[in-house]
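Single-structure report; data block below.
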Amino acid sequence: MITARLQAIMDMVDTSSVADIGTDHAYIPIKLAQENRINKAVASDKNNGPIEIARGNVKKYGLEKIIELRCADGLSAIEAGETDTIIIAGMGGNLIGDILERDLNKAKKSKLILQPMNAQYELRKRLLQMGFKIIRENLAKEGFKIYNIIMAEEGFDDSKKEEAEFHIPQELLEHKLAGALIEKKKREFTKIYLGLKNSQEKNQEDERIINYCEYMLLKIGDMEKIYKENNGNK
């Protein structure tokens, strides 16, 4: 039931109440409650089907007094400050950003744990633009897939981040899965670079992207050196 991705999300929870937005089968709040790590959870989904499955799971484990299920879209499922942590996982990064922006006041009343399936770069930038600071990051690996988990809260980030850090945050270079993340990002930029570089017809935007990919591959190479130095060149 609890995959490496879900476990990595749970590892970030450090409060006694959570809202799991887009909960699907409510696996995260159920496991947190079973481990006595929370005393209150709101598990929501915009579709009634997953909510009914989640309801059966909650009842199966006798957790009805701890986990409340609500059929609602995004943060409309909760009141501002109702839970100390809001979890939004398993969605695209741009969709997560849209959900937060629609109810920004609610989002800023709680700590956020976000697990974007894509557009991690865009979500990190958007969080800063919306008035959040990123306080922790985590990684999980399932098969060949690497997942990013981002913890954020209301605040101002005055650090001068380089462009590459929105793709691979410096703190993740200490993570045991950093090597896999670096390889993933190298593959992504190399694929885009070669696709455009080998194109017979290039416009001005293509040239800009080619230059950007060259720059990012150079910066990721620098990060890889740091990672290898920290890990004995493994």
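The values are calculated or read from the model by the stated rules, or taken from the named source; none is laboratory data. For clarity, every value in this text was computed on a predicted model and none was experimentally measured. Every residue, glycine as well, gets a Cβ built from its backbone with ideal geometry; the counts of neighbours run over all protein chains shown. With ligands, DNA and RNA removed, areas are computed over all heavy atoms of the protein, side chains included. Shrake-Rupley method; radii C 1.70, N 1.55, O 1.52, S 1.80 Å.
Observations
- Annotation: Ile87 fulfils all but one of (1) closer than 28 Å to Asn36 by Cα; (2) surrounded by fewer than 20 Cβ atoms within 10 Å (Cβ to Cβ); (3) touching a helix residue (DSSP H, G or I) at 6+ places or on another chain (Cβ under 8 Å); (4) not polar (S, T, N, Q); the unmet one is (2).
- One residue stands out in region 84-93 among those that are under 15 Å from Gly22 (Cα atoms) and outside any strand (DSSP E or B): the one that is nearest to the chain's Cα centre (by Cα), namely Gly93.
Each row is one residue, and each column tells you yes or no for (1) closer than 19 Å to Glu122 by Cβ; (2) surrounded by 13 or more Cβ atoms within 10 Å (Cβ to Cβ); (3) in contact (Cβ under 8 Å) with a residue 60 or more places away in the chain.
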| site | (1), (2), (3) |
| --- | --- |
| Lys161 | yes, yes, no |
| Leu194 | no, no, no |
| Asp206 | no, yes, no |
| Ile210 | no, yes, no |
| Cys213 | yes, yes, no |
| Ile220 | yes, yes, no |
| Glu224 | no, yes, no |
| Gly232 | no, no, no |
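- For beta carbons closer than 8 Å, sequence separation of 6+ or different chains, a first residue in region 168-191 that is more than 21 Å from Ile209 (Cβ to Cβ) and a second that is among the hydroxyl-bearing types (Ser, Thr, Tyr) and part of a helix (DSSP H, G or I), the qualifying pairs are Leu173/Tyr227; Ala178/Tyr227; Gly179/Tyr227.
- Note on region 122-146: among residues that are in contact (Cβ under 8 Å) with a residue 40 or more places away in the chain and under 11 Å from the mean Cα position of the chain (by Cα), the one that is surrounded by the most Cβ atoms within 10 Å (Cβ to Cβ) is Arg124.
- Taking each residue of region 86-105 that is touching a residue at least 24 places away in the same chain (Cβ under 8 Å) and closer than 18 Å to Ile28 by Cα and looking for partners that are open to solvent by 60 Å² or more (accessible area, probe 1.4 Å) and aliphatic (A, V, I, L, M) with beta-carbon atoms closer than 8 Å, six or more apart or interchain, yields Gly90/Met117; Met91/Met117.
- Any chance Thr23 is among the hydroxyl-bearing types (Ser, Thr, Tyr) and within 18 Å of the chain's Cα centre (by Cα): yes
- Lys111 being of a type in the set (Lys, Arg), at pLDDT 95 or above, crowded, with 17+ Cβ neighbours inside 10 Å and within 18 Å of Asp84 (Cα to Cα): yes
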